[in-house]
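Have a look at the structure below before the remarks.
The values are calculated or read from the model by the stated rules, or taken from the named source; none is laboratory data. Predicted model only: the values in this text are computed from it and were never measured. Note that each Cβ is placed from the backbone with ideal geometry, even for glycine, and that neighbours are counted across all protein chains shown. These area figures cover heavy atoms from the full protein model, side chains too; ligands, DNA and RNA do not enter into them. Shrake-Rupley method; radii C 1.70, N 1.55, O 1.52, S 1.80 Å.
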Amino acid sequence: MTMLLKIGLGIVALFAVLGLAVAAIPSPSPSPTPTIESTPEPTPEITQEATPEASPQVEGIQVSGTQATVARVIDGDTIELSTGERVRYIGVDTPETVDPRTAPQCLGKEASNKNKELVEGKAVTLEKDVSETDRYGRLLRYVYVDGKMINEALVAEGFAKASSYPPDVKHQEKFRAAEQSARNN
């Protein structure tokens with residue numbers, strides 16, 4: 001057993017030395033001859049900026065953001081757009097249903113179903129706060145359908161809880177009030 005451990009440590013040390021040796025080799029200088037680079041195919045824009053005429057009204061305030069179509073609902077607080085991008089709702093948290101490390105949480109299926117009812121297949125307006133994406137590469141956005149903020153609606157109806165992740169806290173007080181109202185009712 002100790003012999004295997006010594007061999008394993010020797011191999012690790014060998015790779016470490018080789019890695020350092022490779023890192024010490026200077027990079028070759030760029031070639032003086034120009035290289036022809038192919039231009040990648042333009043990728044379609046994810047979403048287009050909303051025009052003021054197309055922006056929904058929320059409580060008398062014009063919401064500006066990007067327009068998109070929801071292809072499917074992943075769970076109570078995550079959707080996938082028709083472009084394939086995933087969007088995580090800012091400021092709210094719903095019970096997990098798709099985390100492979102855990103069993104679906106209580107009321108997770110109900111939260112997912114409510115989210116489907118509210119957004120699946122619909123045109124939405126996406127409002128950015130401070131952060132662009134989360135650590136999983138999902139867009140972080142407030143999501144609106146016909147002027148109704150879905151993040152807030154899920155909290156107000158008891159399907160989500162307010163969950164603050166600075167620096168994205170623009171509507172956090174609104175979510176806290178909705179959560180308190182849901183608890184009271």
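Is at least one residue of the range 136-153 open to solvent by 60 Å² or more (accessible area, probe 1.4 Å) and under 20 Å from Thr83 (Cβ atoms)? So that I can check it myself, show each step before the final result.
Looking only at the range 136-153, we keep the residues that are open to solvent by 60 Å² or more (accessible area, probe 1.4 Å), and these are 136, 146, 148.
Then keep just the ones that are under 20 Å from Thr83 (Cβ atoms); that gives 136.
Looking for residues that are open to solvent by 60 Å² or more (accessible area, probe 1.4 Å) and under 20 Å from Thr83 (Cβ atoms), one finds at least one in the range 136-153, hence yes.
From the set of residues in the range 154-185 that are assigned to a loop (DSSP other than H, G, I, E, B) and among the polar types (S, T, N, Q), which is surrounded by the fewest Cβ atoms within 10 Å (Cβ to Cβ)? Lay out the reasoning, then the answer.
In the first step, residues of the range 154-185 are kept if they are assigned to a loop (DSSP other than H, G, I, E, B); the result is 157-160, 163-164, 166-167, 169-171, 185.
Still in the running and among the polar types (S, T, N, Q): 163-164, 185.
Working: Ser163: 16, Ser164: 14, Asn185: 8.
Selected residue: Asn185.
Show the residue pairs that are 6+ apart or on different chains and have beta-carbon atoms under 8 Å apart, the first residue being within the range 154-182 and over 15 Å from Arg88 (Cβ atoms), the second being of a type in the set (Lys, Arg) and open to solvent by less than 60 Å² (accessible area, probe 1.4 Å).
Listed by first residue and then by second, the contacts come to Glu157/Lys114; Phe159/Lys114.
In the range 154-183, which residue that is of a type in the set (Gly, Ala, Ser) and more than 23 Å from Asn113 (Cα to Cα) is modelled with the lowest pLDDT?
Step one: list which residues in the range 154-183 are of a type in the set (Gly, Ala, Ser), which gives 156, 158, 160, 162-164, 177-178, 181-182.
Next, from what is left, pick out any that are more than 23 Å from Asn113 (Cα to Cα): 164, 177.
Working: Ser164: 93, Ala177: 98.
Top of the filtered list is Ser164.
Note down all Cβ pairs under 6 Å where the first residue falls in the range 95-118 and is among the β-branched types (Val, Ile, Thr), the second is part of a loop (DSSP other than H, G, I, E, B) and surrounded by 14 or more Cβ atoms within 10 Å (Cβ to Cβ), and they're at least six residues apart or on different chains.
Within 6 Å, the pairs are Thr97/Pro104.
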